[in-house]
Amino acid sequence: MSKVEKGLLRLVDANANRAREGLRVAEDVARLIVCDEALAVKLKELRHKLTELCSSVAGDTFLIAERNSQADLGRPAAFDSKEKSKDVRELVQRNMRRSEEACRVLEETSGLVDGKVGSGFKELRFVMYDVEKLLLERF
């Protein structure tokens, strides 16, 4: 496997993790703070669809095999981040944006492997925009 192929797998893995983590925060807020079962279920479905799409780009085994968080050039910045959300609404907004941005990266890069998968990430991203709006309207 070439250096570019390995890097692409690392990119998919990192953005898949980022998107899933952001969706999980929003899902837990919908479930445990807002107590909106429909939104919590929708966010869970989005997270599972994201995982399914990522697996279709490259199986989980290949993604994890190329993971190298110790050598990630962005790792020090992640640990130095001092920016915190001021309230739950901002927490949701930041995490949904994180997920949406990661989906855009996945859309663009997975298209290099399979154009159909790229369009799946695009569809997912637009659903995220709608769900974000619904969840933020609860505050």
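The values are calculated or read from the model by the stated rules, or taken from the named source; none is laboratory data. Predicted model only: the values in this text are computed from it and were never measured. Virtual Cβ from ideal backbone geometry, glycine too; neighbours counted across all protein chains shown.
For segment 130-139, the candidate set comprises residues that are loosely packed, with under 15 Cβ neighbours inside 10 Å and touching a Lys or Arg at 6+ places or on another chain (Cβ under 7 Å); within that set, the residue that is farthest from Leu50 (Cα to Cα) is Phe139.
I need the full set of residues from segment 11-37 which are of a type in the set (Lys, Arg) and crowded, with 17+ Cβ neighbours inside 10 Å, in order please. Show your work before the answer.
Of segment 11-37, the ones of a type in the set (Lys, Arg) are 18, 20, 24, 31.
The answer is Arg18, Arg20.
A Cβ distance below 9 Å, combined with a sequence gap of six or more or placement on separate chains, defines the contacts here; from segment 1-14, residues that are of a type in the set (Gly, Ala, Ser) reach residues that are not in a helix (DSSP H, G or I) in the pairs Ala14/Arg67; Ala14/Asp72; Ala14/Gly74. Taking first residues from segment 38-66 that are surrounded by fewer than 19 Cβ atoms within 10 Å (Cβ to Cβ) and among the basic types (Lys, Arg) and partners that are modelled with pLDDT under 95 and assigned to a helix (DSSP H, G or I), the Cβ contacts under 9 Å between residues at least 6 apart in sequence or on separate chains come to Lys49/Gly120.
Out of the residues in segment 76-129 that are of a type in the set (S, T, N, Q) and modelled with pLDDT of 95 or more, which is surrounded by the fewest Cβ atoms within 10 Å (Cβ to Cβ)? That would be Gln93. Looking at (1) touching a residue at least 24 places away in the same chain (Cβ under 8 Å); (2) farther than 20 Å from Leu32 by Cβ; (3) touching a Lys or Arg at 6+ places or on another chain (Cβ under 7 Å); (4) not acidic (Asp, Glu), can you tell me which one Val113 breaks? Status for Val113: all satisfied but (3).
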